[in-house]
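Working notes, beginning with the structure itself.
The values are calculated or read from the model by the stated rules, or taken from the named source; none is laboratory data. As the structure is a computational prediction, the values presented were derived from the model and not from experiment. Neighbour counts run over all protein chains shown; Cβ positions are idealised from the backbone, glycine included.
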Amino acid sequence: MPPSGRDTKKEKRTEERKRTRLRSGKLVTLSGQFLTECHFHNLAGGGARIRIMTQCVIPDRFWLFDDQYCGALITEIVWRNGSDFGVRFVHDPGVAPLNDTTLNTLAGKYYSL
C-alpha cells in the first residue's frame, strides 16, 4: 500500500527507537544542580523522549541521570511539547563529568544537591 502522503515527517533519528518500560530519571544542570524528576518513554542509541514531573525551566543542555543504571549523560533538547522533550545524547569534553559523590546522591532514595 503506498504512503498516504499525510505522514510527511522525516525521520531524523540516527538509530532505531526502542520502546522502554517507563523508567525514572532526574535532570541536573551541567554544573550539577538538581532540576526535576522525569520519566523515559522511548530510548534510542542517540537520544530519548522524556517527560518531566513538575513544571520548571529546563535549559537546552543538561545531565540526564538514569535511576536504573545510576549514570548520567549530557543531553541537548531537540524538540519540546509541553512536559515532553526529545533529547539527543552529546559528548562535550568541555563539561566536567558529575563526580561520584553527586552520582551517589542522585541514586539515593532521598537526594539533595
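Looking at the stretch 66-108 only, could you name the residues that are touching a Cys at 6+ places or on another chain (Cβ under 9 Å) and of a type in the set (F, W, Y)?
F85, the sole residue that qualifies.
Grab the strands (runs of 3 or more DSSP E) fully contained in the stretch 37-113, keeping just those with 3 or more residues being within 14 Å of R23 (Cα to Cα).
47-52, 61-66
One line per residue, one yes/no per condition, for (1) modelled with pLDDT of 95 or more; (2) surrounded by 15 or more Cβ atoms within 10 Å (Cβ to Cβ):
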site: L22; (1), (2): no, no
site: S31; (1), (2): no, no
site: L43; (1), (2): no, yes
site: D66; (1), (2): no, yes
site: G94; (1), (2): yes, no
site: S112; (1), (2): no, no
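Go through the stretch 49-61 and give me each residue that's under 8 Å from the mean Cα position of the chain (by Cα) and closer than 20 Å to L103 by Cα.
Within the stretch 49-61, I50 is the sole residue that qualifies.
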